[in-house]
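The values are calculated or read from the model by the stated rules, or taken from the named source; none is laboratory data. What you see is a predicted model; the values in this text were computed from it and never measured. Because the Cβ atoms are built from the backbone with ideal geometry, glycine has one as well, and the counts that use them run over all protein chains shown. These area figures cover heavy atoms from the full protein model, side chains too; ligands, DNA and RNA do not enter into them. Shrake-Rupley method; radii C 1.70, N 1.55, O 1.52, S 1.80 Å.
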Amino acid sequence: MKNIYLIQPNNVISGKVYFPYAVGAIASYAWQFDEIKREYRLCDFIYKKDPVEDVCATFKEPFFVGFSCYMWNIDYNLDLAKRIKQKWPECIIAFGGQQVPDDTGLLEQYEFIDILMHGEGEQTFYNLLMCFSSDNDLSRLSNISYRKDGTPTHLPRKIYRDVSSYPSPYSTGLFDCILADGRRQGLDFDAVLETNRGCPYSCIYCYWAGTENNFRIFPVERVMADIAWFAENKISFVICADSNFGILDRDNDIADYIVHCKKTFGYPQKFETAAAKNKDDIVFDIHKKLNDADMCCGISVAVQSFSPTVLEIIGRKNLSLDNYAQQLEKYRNEEMSTYTDFILALPGETYQSFCEGLFRALEAGQHDSINIHPCEVLPNTILYSAELREKYQIRTVRGLYQDHTKYDSDSSTNSSHAELIVSTSTLNEQEWCRALRLGTCVQSIHSFGLLKFIAIYLRKAQGVSYYDFYMNLYKWIESESGFLKAVCDDVFENLDRFVSGKGSLCYYNPTFSDSYLYFREGLFLCCAEKLDRFYDDVKAYISQYFSDDELYADLLKYQTAKVLRIGDPALVLHLEYDWQEYFSDIFDSAYLTPIKRKTVLVAEKSDVDNWSDYTYQKIWFGKRENKMLRRFKYAPDNP
């Protein structure tokens, strides 16, 4: 029998790693057929980034090695594939996945790659294996590129619209060995759940819009079997790969079943989704169920940009600002956390429109979480095309761009590199850097809570817009700040080098983690570590907004106490104003100023005593729930 190896290496983060769902999906389809089972042996999946030589040492006469490629593993895959070809020259090397462009470019660039698989892989992989077991005539296939008489050749695309015959790698048992092997090594596994495939929308930056396959639905029996498998095998975290969970009425039933499994078996513990657009009621009902079961990871209230020009260019019909604010209020009333994503440097975005959009989100009530993502140009998207790049004068940089992966001092193949837009016809490189710095400050200082309560008070009681407060704060940081400017300079040290093509768009500080951090996380952590110095510095800016010294001192006392740090003891906080009630009613227009009455608040001691645990628990996985902020209660003897 011929040995088949499938490779989808992921990063191991704090002892957790994802199942290799993509290669599992193509294997489960092919191995349902007897003709494949007779001819081929499916060997071990490679699902994590072990040293290349160690991986090769486990191989036994590989006939075919297939790689599933994404931004976070393409460099590692190239290194491993080259080594395999050197050791076994006759082995067939095939690359597939979203990072493989729909052309012959990778064949032209890398002689050790034999075949490129384009688009979805289930039937393409099966057809390849059948071809190798018969006449080896690749020219009669579709959805691949290969070398014909030494010349890279791209074959026509064929669209497969029916996914009903695609088995799952979970319920068919393909991952049972991985699970057992990984747990013997002390690993925990996260899982990807796919209930449908495709997207009805056409956003130019998204892979789905660049494909010809329509929106398709997996049988509900398959979906429920996967969820049962997660529960039975105690999988804590499941992320839904659907582009719009909640777009179908049956998604309510799926949510019911996953909640049932949590209540009955204790697993899965968390279920993360990308919420459907323009399905407000269904999405709310689904996430209310998940939230009540403590399974929700925050609800995405989609934006990407508030600029009408940008939205028209990217093919995205957004919520109206009023609808956006209403959704935030609806979730807030149920104490459900939300988050809003912005993409920096979309075509048509200017520095001014980006800033205005950012602060519109705050004005609408987004005080939980704002995420700003540099615009990545992904292969096989509309944005990837030469036509759009020329039309909008798009300049990109391919550089190190990490989030929560192990620090790599030499930026080797274990690192992740991405192609990011750094300038367009409406946003130059200097403006891009400034927008990224400003946005990071807003995320760290407002969303993470360092000045959130002061900014909200000033907006409500004095009418100071968030735009004015934070734009002026940023100017003050650049021109007058001492401590905070030094922190920003440290965090953004590599930014200018990145734009020139030599640096990285990530932050590393071993005090907080052995992994790369987002800029927003690094900025907050540096300030939280030296919180007294942060407030001593920033008081020079915020004091100008207050004429009542007693109120200012009391609010600053409350604001400072809200930020949780490592080793903080239990706290009894004596205040002159009832800030606890005031900030629970910040959207009540009748409650513009706080009530002056002596108030005693209490908080339990910090449940973390080192920065590594704090980073992991409070920032990585707790930021959407504001776990970096203290939860106050009124003291039993509160006046």
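Per-residue answers, yes or no, for (1) in contact with a His (Cβ under 6 Å, 6 or more places away or on another chain); (2) aliphatic (A, V, I, L, M); (3) closer than 19 Å to residue 9 by Cα; (4) surrounded by fewer than 20 Cβ atoms within 10 Å (Cβ to Cβ):
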site	(1), (2), (3), (4)
117	no, yes, yes, no
144	no, yes, no, no
149	no, no, no, yes
175	no, no, yes, no
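Residues 362, 344, 290: which one is under 19 Å from the mean Cα position of the chain (by Cα), modelled with pLDDT of 95 or more and open to solvent by less than 30 Å² (accessible area, probe 1.4 Å)?
Within the list 362, 344, 290, the selection yields 344.
Report yes if residue 378 is of a type in the set (A, V, I, L, M, F, W, C) and either at pLDDT below 95 or part of a strand (DSSP E or B) (or both), otherwise no.
So residue 378 fits the description; yes.
Name the residue, out of 637, 536, 588, 607, that is surrounded by fewer than 17 Cβ atoms within 10 Å (Cβ to Cβ) and outside any loop (DSSP other than H, G, I, E, B).
536 is the lone residue from the list that is surrounded by fewer than 17 Cβ atoms within 10 Å (Cβ to Cβ) and outside any loop (DSSP other than H, G, I, E, B).
Among what's in the stretch 149-190 and is among the aliphatic types (A, V, I, L, M) and assigned to a loop (DSSP other than H, G, I, E, B), pick the residue that is farthest from the chain's Cα centre (by Cα).
155
How about the stretch 490-528: which of its residues are under 25 Å from residue 15 (Cα atoms) and surrounded by fewer than 20 Cβ atoms within 10 Å (Cβ to Cβ)?
Passing the criteria: 508, 509, 510, 511, 514.
Is at least one residue of the stretch 121-138 in a strand (DSSP E or B), more than 28 Å from the chain's Cα centre (by Cα) and among the polar types (S, T, N, Q)?
no
Just need a number here: residues in the stretch 203-223 that are at pLDDT 85 or above and either touching a helix residue (DSSP H, G or I) at 6+ places or on another chain (Cβ under 7 Å) or among the β-branched types (Val, Ile, Thr) (or both).
6
Give the residue, chosen from 157, 140, that is closer than 30 Å to residue 106 by Cβ, touching a Gly at 6+ places or on another chain (Cβ under 9 Å), of a type in the set (D, E, K, R) and open to solvent by 50 Å² or more (accessible area, probe 1.4 Å).
Result of the check over 157, 140: 157.
If you check every pair at least six apart or on different chains, which have Cβ atoms under 6 Å apart with a residue in the stretch 152-180 that is aromatic (Phe, Trp, Tyr) first and a residue that is surrounded by 12 or more Cβ atoms within 10 Å (Cβ to Cβ) and part of a loop (DSSP other than H, G, I, E, B) second?
Pairs that qualify, where the first residue is aromatic (Phe, Trp, Tyr) and the partner is surrounded by 12 or more Cβ atoms within 10 Å (Cβ to Cβ) and part of a loop (DSSP other than H, G, I, E, B), are 175/19; 175/169.
List the pairs whose first member sits in the stretch 389-404 and is farther than 30 Å from residue 613 by Cα, whose second member is open to solvent by 40 Å² or more (accessible area, probe 1.4 Å) and of a type in the set (S, T, N, Q), and whose Cβ atoms are under 7 Å apart, counting only residues at least 6 apart or on separate chains?
392/425; 393/425
For the stretch 561-584, name all the residues that are in a helix (DSSP H, G or I) and open to solvent by less than 40 Å² (accessible area, probe 1.4 Å).
Within the stretch 561-584, 561, 562, 579, 582, 583 qualify.
Can you find, within the stretch 192-247, the residue that is most open to solvent (accessible area, probe 1.4 Å) among those that are of a type in the set (S, T, N, Q) and within 22 Å of the chain's Cα centre (by Cα)?
Filtering the stretch 192-247 for residues that are of a type in the set (S, T, N, Q) and within 22 Å of the chain's Cα centre (by Cα), the one most open to solvent (accessible area, probe 1.4 Å) comes out as 202.
Quick one: how many residues across the stretch 288-303 are outside any loop (DSSP other than H, G, I, E, B), out of contact with any His (no Cβ under 8 Å at 6 or more places or on another chain) and not polar (S, T, N, Q)?
4
Inside the stretch 1-78, counting only strands (runs of 3 or more DSSP E) that do not spill past its ends, which hold 2 or more residues that are in contact (Cβ under 8 Å) with a residue 24 or more places away in the chain and of a type in the set (A, V, I, L, M, F, W, C)?
Those strands (runs of 3 or more DSSP E) span 2-10, 62-68.
Of the residues that make up the stretch 498-510, is at least one in a helix (DSSP H, G or I) and either under 30 Å from the mean Cα position of the chain (by Cα) or not β-branched (Val, Ile, Thr) (or both)?
yes
Looking at the stretch 521-552, which of the residues that are free of Cβ contacts under 8 Å to residues at least 12 places away in the same chain and touching a Phe, Trp or Tyr at 6+ places or on another chain (Cβ under 9 Å) is farthest from residue 475 (Cα to Cα)?
Here the answer is 552.
Take the stretch 249-265 and flag every residue that is in a helix (DSSP H, G or I) and more than 15 Å from residue 294 (Cβ to Cβ).
Correct list: 250, 251, 252, 253, 254, 256, 257.
Checking residue 590 against (1) at pLDDT 95 or above; (2) more than 29 Å from residue 372 (Cα to Cα), which test does it fail?
(1)
What do you reckon, is residue 101 free of Cβ contacts under 8 Å to residues at least 24 places away in the same chain, surrounded by fewer than 20 Cβ atoms within 10 Å (Cβ to Cβ), in a loop (DSSP other than H, G, I, E, B) and not β-branched (Val, Ile, Thr)?
No: the conditions fail for residue 101.
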